[in-house]
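Q: Below: one structure in structure tokens.
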Amino acid sequence: MNQDLISILIPFKNTELFLKECLNSIIAQDHDNWELLIVDDHSTDNSFELVFAFAEKDKRIKLLKNTGEGIIHALRLAFSKSKGSYITRMDSDDIMHSAKLSTMLADLKHHGRHHIALGLVKYFNENGLGDGYARYESWLNALTQNGQNYTEIYKECVIPSPCWMGHRDDLVSCGGFESNRYPEDYDLAFRFYKHKMACIPSQDVLHYWRDYNERTSRTDDHYAENNFLELKIDYFKELNYDASKPLVIWGAGQKGKQVAKLLKLKKIDFIWVCDNPKKIGKHIYDEVLYSFKHLKTLEQPQCIVTVANPVSQAEIRLALKTLQMKNMTDYFFFC
């Protein structure tokens, strides 16, 4: 096996409008020892024909047809056909910086096994970028600059699916693409966290992330909010939950209610607190809501915070630190 060969895995479906830019950005990489395993997931436009024309000209591009349905099956097929010592993903509607592969490869060679190489990302939208995506980009990049991605893993996916690279053996040890769980990128990020794969800090924008209304993450039911929450709860229960300590939900808004429902379904006991005077003392789902001050009466609690407002989050974080509670041990922000 070629020690410096990088295998790039791309599933695609009906992205004819963007594939040319994507493929040209890969061909333009300053590290040219790569292979592209690109899988057509039953496209109905001219995407397959477009990629076929590229593959005819560049034998590093290996075009496959998905034998199953969906991104997970496509990734599984691509990985099974790959030969590189290093594995990375790419989305068919995005663009690589020309030094993306070389930068990530250099990081992995320097840091060695049990590391994940990352890069900063930049969203773009031909019609302008909304405030939500701008905030997400800023939040994600701040984590990546310090390699502190796991410190907020219960908020959102902290390892963007098209902007990581790992050693092949490390990916296999984390279960590769064998999991059937969606959202598949968030599930993989949790498995990296579970297997203590260290995130390499990066100061370089290496990936340009296209936002548009038809993007899969906006339209596919697999990426609905309830799937994210159930994934978070399941990994929290496996990796961070201490059943010997009282578990607290802070917040009784929509997200808090959804978390409460899931915990009750999984038969996990909890205490519910909030800072809304209109809700304190009331019952929701047969659970009484206490003032957040109730935390002071509990011995070594663990707290799931479901309050989304940034100002409120800052106040809550300060209050928890005043109680000498530690992030990712005693409290976890779920939004």
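Q: Order S102, S202 by their accessible area, 1.4 angstrom probe, all chains in place, largest first.
A: The residues order as S102, S202, largest area first.
Q: How much of H110 can a 1.4 Å solvent probe reach, expressed as accessible area in Å² and rounded to 10?
A: Estimated to the nearest 10 Å², H110 gives 150 Å².
Q: Moving to a separate point now. Under the classification rounded if a/c is under 1.5, otherwise prolate if a/b is larger than b/c and oblate if not, where does the range 89-155 fall, given a ≥ b ≥ c as square roots of the Cα gyration tensor eigenvalues?
A: Since a/c reaches 1.5 but b/c is at least a/b, the shape of the range 89-155 is classed as oblate.
Q: Still on this model: So what's the angle, to the nearest 10 degrees on a 0 to 90 scale, between helix 254-265 and the longest Cα principal axis of the chain?
A: Here the helix axis deviates by roughly 90 degrees.
Q: Shifting gears a bit: Sorted by accessible area with a 1.4 angstrom probe, largest first, how do T44, T297, T15, T151 fall?
A: T44, T297, T151, T15
Q: A further question follows. Please find the FRET efficiency linking N327 to D131, where r is the Cβ-Cβ separation and R0 is fixed at 25 Å, and quote it to the nearest 0.05.
A: 0.50
Q: Quick check: Cα centre of the range 57-89 to Cα centre of the range 34-51, how many Å?
A: Using only Cα atoms to place each centre, the spacing works out to 10 Å.
Q: Starting from the Cα gyration tensor of the range 159-295, take the square roots of the eigenvalues, sort them a ≥ b ≥ c, and report rounded, prolate or oblate (rounded when a/c is under 1.5, otherwise prolate if a/b is larger than b/c, else oblate).
A: Cα axes put the range 159-295 in the prolate bin.
Q: Normalised by the number of residues in the range 96-147, what is the relative contact order in percent for Cα pairs under 8 Å and 6+ residues apart?
A: 30 percent
Q: While we're on this one: For the chain, with all protein chains present and a 1.4 Å probe, just round the carbon and sulfur fraction of the accessible area to a whole percent.
A: 50 percent
Q: Using a 1.4 angstrom probe with every protein chain in place, what is the largest-first accessible-area order of F124, F18?
A: F124, F18
Q: In addition: Provide, for q = 0.09, 0.11, 0.13, 0.15 Å⁻¹, the log10 of I(q)/I(0) from a solvent-free Debye sum over equal Cα point scatterers in the chain.
A: Result of the Debye calculation: -0.52, -0.75, -0.99, -1.23.
Q: Now for a separate question. Under 5 Å between amide hydrogens, which residues at least 5 positions from R89 or on another chain qualify, with H placed 1.01 Å from N in the peptide plane?
A: So R89 has HN proximity to L9, W164.
Q: While we're on this one: My understanding is that a pair violates if its Cα-Cα distance is over 23 Å; which of K196/K326; K261/K296; K65/K155 do that in this structure?
A: Long pairs (Cα-Cα over 23 Å): K261/K296; K65/K155.
Q: Another question, if that's okay. Classify the range 1-151 from the C-alpha gyration tensor, please: rounded if a/c falls under 1.5, else prolate or oblate depending on whether a/b exceeds b/c.
A: oblate
Q: Report the gain in length on full extension from S98 to Q254: 0.36 nm times residue separation, minus Cα-Cα distance, nm rounded to one decimal.
A: 51.9 nm
Q: Same structure again: Less than 14 Å from a label point 7 Å out along the Cα-to-Cβ axis of S244: which backbone N atoms in the range 302-335 qualify, by residue?
A: 302
Q: Determine how large the accessible area of L231 is when every protein chain is in place; take a 1.4 Å probe and give Å² rounded to the nearest 10.
A: For L231, the solvent-accessible surface is approximately 0 Å².
The values are calculated or read from the model by the stated rules, or taken from the named source; none is laboratory data. Being a predicted model, the structure only gives us computed values, none of them experimental. When we count neighbours, we look across all protein chains shown, and the Cβ atoms used for this are built from the backbone with ideal geometry, even at glycine. The accessibility values were calculated without ligands, DNA or RNA, using every heavy atom of the protein model including side chains. Shrake-Rupley method; radii C 1.70, N 1.55, O 1.52, S 1.80 Å.
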